[in-house]
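Asks: Below you'll find the structure I mean.
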Amino acid sequence: MIERIVPATVVTDAVYGDQVWDAESVLFPAEAQGVATATEARRREFATVRMCARRALGGLGLSPVPLVRGRRGAPEWPAGVVGSLTHCPGYRAAAVATAQDVVSLGIDAEPNVPLPAGVLAAIATAAELREILDLGSRSPEVCWDRLLFSIKESVFKTWYPLTGRELEFQQADITLDPAGGTFRARLLVPAPELEALACGLHDGAFPGRWLVRYGLILTSVVLPGAAARDSGGRPS
């Protein structure tokens, strides 16, 4: 499903659940070392999402390489590649693109279930909280609080590779378009690194898309690179 909310310049791969029962057989030594003390379930999850990443990289014509965790746990992608991984109960996915086509991207998957008590108040701005409560009363089939959380995860995954800086949940203000399945993330902190991307943003905000289907919430942010902008491409 993740392919439905990213542009054609992004290659994706996803599976439902873990399809790797012997994680060490598909991991490079450097990858296996990173989860050597983890539980078996975590190793399978780790291996499965990297299998997704390798298949997606293959779609860019690249051979398999180790994808070790860097700072904040995100994988270190090959030179000239940007990407994002996500996993939640029952779903693993990877999205990759060339740095010419995409400057940065983030994807996230969550179960379509409410957040634990107290989490929404910790992550939402006052305006977001009002919007989420209103949407929940009108369309209760979507767990809007969990959707907001997922959007902010995708925003962070896009932001961090560009700036190398943390972004708190309440430092991005999200405006949702329920009918169009899109959103805008207005950043509430200065980021000089993003000035060069002004033509790839919508009014200085990260644009994104979301989808709720089969018990899952999927979100994405994709910032187009120079090649996509020159050809008239638009952000996701």
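Asks: Counting only protein heavy atoms and using a 1.4 Å probe, what share of the accessible area of the chain belongs to carbon plus sulfur, as a whole percent?
Replies: That share works out to 54 percent.
Asks: Is there a quick way to get the dipole size of the stretch 16-137? I mean about its Cα centre, with the Cβ of Lys and Arg at +1 and of Asp and Glu at -1; what is the value in debye to the nearest 20?
Replies: Dipole size: approximately 300 debye.
Asks: Cut-off 10 angstrom, C-alpha nodes, Gaussian network model of the chain. Which of 79, 205, 172 fluctuates the most?
Replies: Highest fluctuation of the listed residues: 79.
Asks: From largest accessible area down, sort 77, 159; use a 1.4 Å probe on the protein chains. Kindly include the intermediate steps, with their values, before the conclusion.
Replies: On the way: 77 50, 159 0 Å².
Of 77, 159, the descending order of accessible area is 77, 159.
Asks: Helix-only mean residue ellipticity at 222 nm, the chain, DSSP H runs n ≥ 4 weighted -39,500 (n - 2.57), per residue, nearest 500. What is it? Spell out each step's value before the answer.
Replies: On the way: 6 runs with 69 residues, N = 236.
So the calculated ellipticity at 222 nm is -9000 deg cm²/dmol.
Asks: Which one, 143, 58, 172, is farthest towards the positive end of the dipole of the chain when Lys and Arg carry +1 and Asp and Glu -1 on their Cβ?
Replies: 58
Asks: Still on this structure, please answer the following. Quick check for me: using +1 on Lys/Arg Cβ and -1 on Asp/Glu Cβ, what's the dipole size of the chain about its Cα centre, in debye to the nearest 20? Before the final figure, lay out each step's value.
Replies: Details: 23 positive and 26 negative charges, 42 e Å.
Here the chain has a charge dipole of around 200 debye.
Asks: Can you compute 3J(HN,Hα) from phi for each residue in the stretch 107-117, using the Karplus curve 6.51 cos²θ - 1.76 cosθ + 1.60 with θ = phi - 60°, rounded to whole Hz and x for Gly and Pro?
Replies: 10, 8, 10, 9, x, 7, 9, x, 5, x, 4
Asks: Sticking with this one: Please report, in whole Å, how far the alpha carbons of the chain spread along each principal axis, starting with the longest.
Replies: Cα extents, longest axis first: 49, 43, 29 Å.
Asks: Sort 182-190, 7-15, 97-105, 60-68 for me by packing, meaning the mean count of neighbouring Cβ atoms within 10 Å per residue, highest on top.
Replies: Sorting 182-190, 7-15, 97-105, 60-68 by mean packing, highest first, produces 97-105, 7-15, 182-190, 60-68.
Asks: How large is the accessible surface of residue 150 in square angstrom, using a 1.4 angstrom probe and rounding to the nearest 10?
Replies: Approximately 0 Å² of residue 150 is accessible to the 1.4 Å probe.
Asks: Still on this structure: Relative contact order of the stretch 37-92: what whole-number percent is it, with Cα pairs under 8 angstrom and at least 6 residues apart?
Replies: So the answer I get is 32 percent.
Asks: With every protein chain kept in place and ligands, DNA and RNA left out, what is the accessible area per residue of the stretch 26-123? Probe 1.4 Å, answer in Å².
Replies: Working: 4310 Å² over 98 residues.
Accessible surface, normalised per residue, equals 44 Å².
The values are calculated or read from the model by the stated rules, or taken from the named source; none is laboratory data. What you are looking at is a predicted structure, and each value in this text was computed from that prediction instead of being measured. So basically every Cβ, Gly included, is an ideal-geometry build from the backbone, and we count neighbours across all protein chains shown. In case anyone asks, the SASA skips ligands and DNA or RNA and just uses the protein heavy atoms, side chains included. Shrake-Rupley method; radii C 1.70, N 1.55, O 1.52, S 1.80 Å.
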